[in-house]
Amino acid sequence: MFERIPRLVFIAVRNGLLAAALGIVFLLVLYYVGRHPFLFPIYFDFRIIMLSVFVVMSLKELRDGHQQGLLSFGQAMICAFLFTLVFAVLVMSFVWVFSRVQPAFVTDYINLMTTQLQALDPAIIGQIGKESFERNLSALPATNGGTLAFDYFIKSLMISFFVSLIISVILRRQPKN
């Protein structure tokens, strides 16, 4: 049955499922040890390392194991995008369901983020813009599980896009003429 699925798709989906399982475990562990996973700055996000490792594994397996050492930039980007889509949709769905089952997940986020924003230095608020800061602070109580899930999805796509660009350029190999 699986012989009919193109290797690029099979590898991307399989590794997306594995990464999603790992991502869900990371989210749960972070939340239950008292570090809300949505309060980390994006440059400290565990997804940067995890997505990088899985994209490299996926592309190397595709290139070396199934394409005789050849991989175009387009193939690499398609494989990385499919991988990321599977990962992001599954973890986004988990975040939405988890926020329904565990309402404290969203409540904790709102409370901790409000505290974090109110503790910002006035100079930083001046750089952001007082109106923008106040608008974001007043909109925070309306946050729900869907908002957090969509945020996770978009940030996963953004992180993976930049990671995938770099890794696809590094790992591509063209036939020698």
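Any read-out appearing in this document is the output of simple, stated calculations on the displayed coordinates, not a laboratory observation. Everything numeric in this text was worked out from a predicted model, so none of it was measured. Counting neighbours? That spans all protein chains shown, and the Cβs are built from the backbone with ideal geometry, glycine included.
Observations
- Charge dipole (the chain, unit charges on Cβ, about Cα centre) - positive-most of L112, V97, A20: A20
- In a reduced charge model with +1 at each Lys and Arg Cβ and -1 at each Asp and Glu Cβ, the stretch 75-164 shows a dipole moment near 180 debye about its Cα centre.
- Prolate/oblate/rounded label for the stretch 60-165 (Cα gyration tensor, a/c 1.5): oblate
- Relative to the longest principal axis of the Cα atoms of the chain, the long axis of helix 46-60 lies at roughly 10 degrees.
- Protection proxy ranking for 146-152, 128-134, using the average of other Cβ atoms within 10 Å per residue and placing the highest first: 146-152, 128-134.
- Cα-based helix-to-principal-axis angle, 73-101 vs the chain, degrees rounded to 10: 40 degrees
- Sites L117 and V33 - FRET efficiency at Förster radius 30 Å, r taken between beta-carbons, to 0.05: 0.85
- Relative protection proxy for 154-163, 46-55, from highest mean packing down: 46-55, 154-163 (other beta-carbon atoms within 10 angstrom).
- The Cβ shell under 9 Å around A76 holds other residues with a net charge of +2, Lys and Arg each +1, Asp and Glu each -1.
- Applying 0.36 nm per residue to the separation of V169 and V89 and subtracting their alpha-carbon distance, the gain on full extension is 26.3 nm.
- With Cα atoms, 0 to 90° folded angle of helix 104-118 axis to the chain main axis: 70 degrees
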